[in-house]
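First the structure, in the form of structure tokens, and then the observations on it.
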Amino acid sequence: MQQLIFASANKHKAEEIEAALPQGFQILVMKEAGITEEIPEPFNTLEENSAHKAVFLYERLHKDCFAEDTGLEVETLHGEPGVKSARYAGEEKSFEKNIEKLLQQMDGQPNRKARFRTLFTLIFDGQQYQFEGICNGLITEKTSGTAGFGYDPVFLPEGSTLTFAEMTMEEKNRYSHRKKGLDQMIQFLINKKSQIS
Ligand code: IMP
């Protein structure tokens, strides 16, 4: 069993990742590994914040671990909210207020193109690797659905008539940025293990 510790306290992300893991892999969230501090995200790129979170955990545990940082990048807002997605409407990190601000910014805007971009950072055998997952889609004009988290009620992934918040976790995982990045990370680990054995 390959055990990986996930540098996140976000239970939605952990559930999505757990639902998508193949046999032979197990994740522990950092709290289960005894780390309860909030990991800061001080940088201006997803790449740096993701790496920072993984290194933070590795320095404390010296075990194989990973982190991910995700942003919603809206074309007409020049990539915003991007790395600031969690705090778009302020430090309290409210999903509702973030959506409200986004819909206000997009009011009357015909170009609704957006994408979620996730950066995974894996630390395996002390070495650092990154994997990217992208999901293209559109920002809807109003919220639909109550499942998921964050901007899910206003994000319509390409090829779907439902927002992420109208999908089950399994359906979201057929489209999602997080699943695409995770698949690459898992494939990398499978290849590494086959080289070792
Ligand atoms: P972070 O990666 O924890 O910094 O997440 C940034 C923010 O992006 C979260 O607080 C959510 O608002 C949003 N977000 C991240 N992933 C998703 C997703 O899969 N669906 C909807 N919103 C997301």
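The values are calculated or read from the model by the stated rules, or taken from the named source; none is laboratory data. Small disclaimer: the values here were computed from a predicted structure and weren't measured. Cβ sites come from the backbone with ideal geometry, for glycine too, and all protein chains shown count toward neighbours.
Quick notes
- Taking first residues from segment 116-128 that are more than 23 Å from SER176 (Cα to Cα) and partners that are assigned to a strand (DSSP E or B) and within 16 Å of the ligand (Cβ to nearest atom), the Cβ contacts under 7 Å between residues at least 6 apart in sequence or on separate chains come to GLN128/THR121.
This table checks each residue for (1) part of a loop (DSSP other than H, G, I, E, B); (2) surrounded by 15 or more Cβ atoms within 10 Å (Cβ to Cβ).
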position	(1), (2)
GLU91	yes, no
ASP107	yes, no
ASN111	yes, no
THR118	no, yes
TYR129	no, yes
SER144	yes, yes
GLY148	yes, yes
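- Residue check: GLY137 meets all listed conditions (1) surrounded by fewer than 16 Cβ atoms within 10 Å (Cβ to Cβ); (2) within 13 Å of the ligand (Cβ to nearest atom) but one, namely (1).
- Candidates THR76, THR121, THR70, THR36: the one that is out of contact with any Asp or Glu (no Cβ under 8 Å at 6 or more places or on another chain), of a type in the set (S, T, N, Q) and within 12 Å of the ligand (Cβ to nearest atom) is THR70.
- Selection status of GLU92, at pLDDT 95 or above and among the acidic types (Asp, Glu): no
- Taken over segment 90-109, the criterion of being within 11 Å of the ligand (Cβ to nearest atom) and more than 25 Å from GLY133 (Cα to Cα) is satisfied by LYS97 alone.
- Pick from segment 150-189, criterion loosely packed, with under 15 Cβ neighbours inside 10 Å and free of Cβ contacts under 8 Å to residues at least 12 places away in the same chain, ranking: nearest to the ligand (Cβ to nearest atom): ARG174
Yes or no, residue by residue, for (1) surrounded by fewer than 20 Cβ atoms within 10 Å (Cβ to Cβ); (2) over 24 Å from TYR175 (Cα atoms):
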site: GLN2; (1), (2): yes, yes
site: ALA9; (1), (2): yes, no
site: ILE35; (1), (2): yes, yes
site: THR45; (1), (2): yes, no
site: ASN49; (1), (2): no, no
site: VAL55; (1), (2): yes, yes
site: ALA86; (1), (2): yes, no
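- The residues of segment 42-58 that are of a type in the set (Gly, Ala, Ser) and within 11 Å of the ligand (Cβ to nearest atom) amount to a single one, SER50.
- Hits in segment 19-35 (condition: touching a residue at least 60 places away in the same chain (Cβ under 8 Å) and assigned to a loop (DSSP other than H, G, I, E, B)): LEU21, PRO22
- Any hit, segment 62-73, residues being acidic (Asp, Glu) and more than 19 Å from HIS177 (Cβ to Cβ): yes
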